[in-house]
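One structure below.
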Amino acid sequence: MIEHLLPAPRRIDRREGRAALPDRALIVIPGADLFFEAQIAQAALAEGAGRDWEIVAGSGYADAGLTLRLDPAAGRAQGYRLDIAPDGITITGTDAAGVFYGVGTLRQIVRQRGADLPALAITDWPDYPARGVMLDVSRDRVPTLATVMDLVDRLAGWKINQFQLYMEHTFAYRAHPDVWASASPFTGEEILQLDAFCRQRHVTLVPNQNSLGHMERWLKHERYLPLAECPDGFTGYYGDWRPASTLNPVDPASLELIAGLYDELLPHFTSPLVNVGGDEPWELGRGRSKDRVEEHGAGRVYLDYLLGLHDLVTARGRRMQFWGDIIIDHPDLVPELPRDAIAMEWGYEADHPFDAHGALFAGSGIPFYVCPGTSGWNSLAGRTDNAIGNLLNAAANGLKHGAVGLLNTEWGDYGHWQPQPVNYLGYAYGAALSWAVEANRALDLPRVLDLFAFEDAGGVMGRLAYDLGNIYQLPGLARHNGHRLFDLLRETPASIWPAPPDPGALRTALEQIDAIVAPLDSAQMARPDADLIRAEYRMVADLLRHACWRGLQLAGQPVRSSGDLLADLERLAAVMRENWLARSRPGGLGDSLARLDYLRSIYREQTG
């Protein structure tokens with residue numbers, strides 16, 4: 001019997017008997033519109049069941065083994081019905097996307113059962129019409145196009161239908177070459193390729209260009225610095241000086257710059273949506289907009305700028321998405337938002353107030369997404385329990401208040417050190433919940449990760465990833481939006497780590513890391529990048545161990561000399577470089593590894 005699917009369907013009716021797939025049969029489609037879906041099914045049958053079935057179009061074939069059909073009246077949008085019977089298999093979709101999702105479910109069943117399938121009927125449809133993933137490609141790590149396509153293909157198999165690349169400076173704008181010169185950016189041609197690849201898999205590739213804050217990679221250049229709110233920089237939350245990062249919202253030239261970016265970026269996308277960002281404008285009202293903010297209020301100044309972005313987007317025939325963190329602090333202004341704008345309500349802790357914030361947007365008639373995260377960043381190994389709590393909180397409360405989408409985010413704060421496989425747990429659970437919350441609350445994440453993410457017949461990787469992601473739960477190691485073992489590897493403000501680390505927790509962490517990764521070589525991954533995944537998890541474990549050694553040194557209980565720690569750090573930097581270049585471009589790598597310089601300097605000073 002089939003015990004695990006990702007996402008778990010909302011209804012499975014099991015029947016007597018089984019369906020033994022014949023050596024030869026036909027895959028029948030009504031016409032060319034479902035040819036790609038038929039090809040996916042054909043490949044699944046060949047790989048999982050050793051069956052080579054020909055694709056034909058039309059009707060009346062006596063030797064049909066699999067029939068794909070469209071019936072708009074059969075159910076809800078994107079829904080499907082999968083019937084497996086002794087005399088053949090039928091997938092009926094309310095639309096082409098529904099057929100694609102039905103084929104994806106069949107593919108997972110065949111992967112587990114081969115040519116001997118259980119007789120059953122699955123009726124399924126999504127809770128959320130938009131089920132997205134956003135990948136940060138601006139905090140140093142810019143993945144190769146092949147890496148992104150592989151990820152999109154896997155996510156589409158989990159019924160994700162929206163994908164965003166979060167960009168600050170990593171699109172190769174022809175009019176702004178200085179900004180991306182060393183970033184190895186996505187070119188226009190690459191985006192066109194990716195957009196076509198996504199559309200084939202019923203995934204909308206949404207352009208995402210931050211348009212107010214997080215513009216430091218632009219404002220560091222003399223050409224753009226006059227547009228900064230605080231050209232001389234500003235003092236951050238921890239008392240540290242930070243370079244200019246926010247455009248001056250009251251300078252018309254700021255919108256002129258953004259208009260030019262949209263004119264070049266948007267034609268590469270077929271999506272009707274644009275995510276304009278707008279989050280975390282740290283300097284708002286602290287510099288050139290100070291007088292306007294004092295007169296009208298920060299919320300009003302922000303909203304006026306956002307309305308300007310809305311005008312730019314709508315003039316280009318698109319619909320605006322924007323991060324909701326600023327406007328949510330000014331609830332009296334929420335009703336003034338354009339009714340076609342989509343608020344992106346984000347928060348990354350398990351207890352984020354998705355319920356209260358969702359109620360505010362819903363009560364004002366503003367369409368909104370809930371935007372939780374994978375909890376992969378600032379952690380190295382992820383934060384398993386927080387990811388599960390955050391994703392479930394968002395999905396359940398978004399559904400409660402009528403959110404029109406769920407966007408699962410993966411960020412790259414402080415150098416994007418976490419490798420891609422660390423995020424599979426968050427991606428998988430987010431995909432499952434955004435499809436059907438109630439059917440997937442209790443999903444067996446280690447098992448579905450083995451089956452559909454790591455493809456590990458040895459049953460090792462799912463549990464390893466799950467448990468290593470919970471090292472942060474040891475006393476004193478958890479923090480808001482991060483993990484203190486990660487902090488120990490970089491320069492950390494005292495306000496983040498106000499007291500010396502607990503030696504007992506660090507020693508326990510060392511023991512648990514060793515135990516968790518011990519079976520790594522026993523994994524039997526069928527993926528072509530299996531060796532790379534092993535190398536990435538060895539690297540993560542070694543970085544966590546080094547952080548523990550560094551913490552014990554700070555606590556006055558060193559287990560390694562500073563010379564040994566320096567040598568280990570240099571070894572790890574080389575491993576990080578090698579693994580990075582296996583999936584990502586060279587641009588940004590130097591900046592990311594430079595975050596180890598502080599620790600390197602400490603060790604060198606200690607060794608004389």
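Conditions (1) hydroxyl-bearing (S, T, Y); (2) surrounded by fewer than 22 Cβ atoms within 10 Å (Cβ to Cβ); (3) modelled with pLDDT of 95 or more; (4) closer than 17 Å to F36 by Cα, marked per residue:
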position	(1), (2), (3), (4)
V142	no, no, yes, no
M149	no, yes, yes, yes
L155	no, no, yes, yes
F163	no, no, yes, no
E168	no, no, yes, no
F171	no, no, yes, no
A175	no, yes, yes, no
D178	no, yes, yes, no
A181	no, yes, yes, no
**Q.** Pairs where the first residue, in segment 365-393, is more than 21 Å from A547 (Cα to Cα) and the second is surrounded by fewer than 24 Cβ atoms within 10 Å (Cβ to Cβ) and of a type in the set (F, W, Y), C-beta under 7 Å, 6+ apart
**A.** C371/W346; P372/Y348; G373/Y348; G373/W411; N390/Y348
Q. Restricting attention to segment 276-322, and to residues there that are farther than 21 Å from E264 by Cβ and hydrophobic (A, V, I, L, M, F, W, C), which single residue is surrounded by the fewest Cβ atoms within 10 Å (Cβ to Cβ)?
A. L307
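Table: residues versus (1) in a loop (DSSP other than H, G, I, E, B); (2) acidic (D, E); (3) over 28 Å from D531 (Cα atoms).
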site: L433; (1), (2), (3): no, no, yes
site: A439; (1), (2), (3): no, no, yes
site: R463; (1), (2), (3): no, no, no
site: G476; (1), (2), (3): yes, no, yes
site: I513; (1), (2), (3): no, no, no
site: V517; (1), (2), (3): no, no, no
Q: Check A146 against each of (1) of a type outside the set (F, W, Y); (2) free of Cβ contacts under 8 Å to residues at least 40 places away in the same chain; (3) part of a strand (DSSP E or B) and name the one condition it does not meet.
A: (3)
Q) Scanning segment 48-69 for residues that are in contact with a Lys or Arg (Cβ under 8 Å, 6 or more places away or on another chain) and loosely packed, with under 14 Cβ neighbours inside 10 Å, which turns out farthest from G157 (Cα to Cα)? A) D63
Q: Look through segment 74-86, keep the residues that are more than 16 Å from R14 (Cα to Cα) and of a type outside the set (A, V, I, L, M, F, W, C), and return whichever of them is surrounded by the fewest Cβ atoms within 10 Å (Cβ to Cβ).
A: R76
Q. Taking only pairs six or more apart or across chains, which ones have beta-carbon atoms under 6 Å, a first residue in segment 300-314 that is touching a residue at least 24 places away in the same chain (Cβ under 8 Å), and a second residue that is in a helix (DSSP H, G or I) and among the β-branched types (V, I, T)?
A. V301/V293
**Q.** Breaking point among (1) surrounded by fewer than 18 Cβ atoms within 10 Å (Cβ to Cβ); (2) in contact with a Phe, Trp or Tyr (Cβ under 9 Å, 6 or more places away or on another chain), for T94
**A.** (1)
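F35 - would you say it is surrounded by fewer than 22 Cβ atoms within 10 Å (Cβ to Cβ) and either modelled with pLDDT of 95 or more or not in a helix (DSSP H, G or I) (or both)? Before the answer, list the steps.
Values: surrounded by fewer than 22 Cβ atoms within 10 Å (Cβ to Cβ): yes; either modelled with pLDDT of 95 or more or not in a helix (DSSP H, G or I) (or both): yes.
When the stated conditions are applied, F35 passes them.
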Q.
Just to verify a result, which residue in segment 3-32, among those that are under 35 Å from the mean Cα position of the chain (by Cα) and over 25 Å from L70 (Cβ atoms), is modelled with the lowest pLDDT?
A. E3
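For M539, indicate whether it is surrounded by 19 or more Cβ atoms within 10 Å (Cβ to Cβ), within 22 Å of the chain's Cα centre (by Cα) and either modelled with pLDDT of 95 or more or under 27 Å from G347 (Cα atoms) (or both). Before you say what the answer is, go through the steps one by one.
Working: surrounded by 19 or more Cβ atoms within 10 Å (Cβ to Cβ): yes; within 22 Å of the chain's Cα centre (by Cα): yes; either modelled with pLDDT of 95 or more or under 27 Å from G347 (Cα atoms) (or both): yes.
Criteria met by M539.
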Q.
Which numbered condition in (1) within 23 Å of Y166 (Cα to Cα); (2) part of a loop (DSSP other than H, G, I, E, B) is the only one that G365 fails?
A. (1)
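Out of curiosity, is A574 part of a loop (DSSP other than H, G, I, E, B), without any contact (Cβ under 8 Å) to a residue 12 or more places away in the chain and not assigned by TED's automatic domain parsing to the domain that holds G48?
Details: part of a loop (DSSP other than H, G, I, E, B): no; without any contact (Cβ under 8 Å) to a residue 12 or more places away in the chain: yes; not assigned by TED's automatic domain parsing to the domain that holds G48: yes.
Considered against the rule, which asks whether it is part of a loop (DSSP other than H, G, I, E, B), without any contact (Cβ under 8 Å) to a residue 12 or more places away in the chain and not assigned by TED's automatic domain parsing to the domain that holds G48, A574 comes out as no.
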(Q) Could you check segment 238-263 and list, in sequence order, the residues that are more than 22 Å from R300 (Cβ to Cβ), surrounded by fewer than 17 Cβ atoms within 10 Å (Cβ to Cβ) and not hydrophobic (A, V, I, L, M, F, W, C)? (A) Y238, G239, D240, R242, P243, G260, D263
Q) (1) surrounded by 21 or more Cβ atoms within 10 Å (Cβ to Cβ); (2) over 19 Å from F35 (Cα atoms); (3) under 24 Å from the mean Cα position of the chain (by Cα): which one isn't true of F100, the others all being true? A) (2)
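Just to check your reading of the model, which residue among A387, A428 is of a type outside the set (V, I, T), closer than 20 Å to R534 by Cβ and part of a helix (DSSP H, G or I)?
Values: A387 fails: closer than 20 Å to R534 by Cβ.
Residue meeting the stated conditions: A428.
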Q | Residues of segment 108-124 satisfying the condition of being assigned to a strand (DSSP E or B) and polar (S, T, N, Q) | A | T123
Q.
Can you tell me which condition H214 does not meet? The list is (1) farther than 22 Å from T314 by Cα; (2) free of Cβ contacts under 8 Å to residues at least 24 places away in the same chain, and all the others hold.
A. (2)
Q. Only one residue in I12, I2, I40 is assigned to a strand (DSSP E or B) and closer than 26 Å to W125 by Cβ, so which one is that?
A. I12
Q) Under 9 Å by Cβ, and 6 or more places apart or on different chains, what pairs join a residue from segment 481-495 that is within 18 Å of S592 (Cα to Cα) with one that is of a type in the set (D, E) and at pLDDT 90 or above? A) G482/D413; E491/D597
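The values are calculated or read from the model by the stated rules, or taken from the named source; none is laboratory data. Given the structure is predicted, the values throughout are model-derived calculations rather than measurements. FYI the Cβ positions are ideal-geometry reconstructions off the backbone, even for glycines, and counts take in every protein chain you see.
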